[in-house]
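For reference, the structure is listed below as structure tokens.
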């Protein structure tokens, strides 16, 4: 699934993601962050048609967040911990992405990127979700 410019998402260089029909196309671009991962771990938007199911997923995300944010400074929780907890509750990557994308539009939630790219682990990169053209790595709800 290499884009124009060749290579793979895990290779050297910078990549830009374009979403068409729920498929991600990778293009080499000097303005984007590089991503370490493969097609199966690439953040894709998966929007569910069922509003009740979407609400259930977002509520589950809020519950997981509340558990993980106890004692956290300013309430920020990195996405690897969120995704791990959601996976233990039976949510696959697509449903996790749907919950994160849905919650990111709510007034009481923030999903942010971590500016210091050197501080990111491979788990942070794999767990990132693409929002607004940026990879985001942490979430805060109810601030």
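The conditions of being surrounded by fewer than 17 Cβ atoms within 10 Å (Cβ to Cβ) and assigned by TED's automatic domain parsing to the domain that holds residue 54 are not met by residue 97.
Scanning the range 73-82 for residues that are part of a helix (DSSP H, G or I) and surrounded by fewer than 21 Cβ atoms within 10 Å (Cβ to Cβ) gives 73, 74, 75, 80, 81.
Condition check ((1) under 22 Å from residue 53 (Cα atoms); (2) modelled with pLDDT of 95 or more) across all residues:
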site: 71; (1), (2): no, no
site: 75; (1), (2): no, no
site: 85; (1), (2): yes, yes
site: 106; (1), (2): yes, no
site: 128; (1), (2): no, yes
site: 132; (1), (2): no, no
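Restricting attention to the range 123-143, the residues that are buried (at least 17 other Cβ atoms within 10 Å of the Cβ) and part of a loop (DSSP other than H, G, I, E, B) total 2. If the condition is being over 22 Å from residue 71 (Cα atoms) and in a helix (DSSP H, G or I), then the range 101-122 contributes 101, 102, 117, 118, 122.
The values are calculated or read from the model by the stated rules, or taken from the named source; none is laboratory data. Source: prediction; values computed, not measured. Quick reminder, even Gly has a Cβ in these numbers, built from the backbone with ideal geometry, and neighbours come from all protein chains shown.
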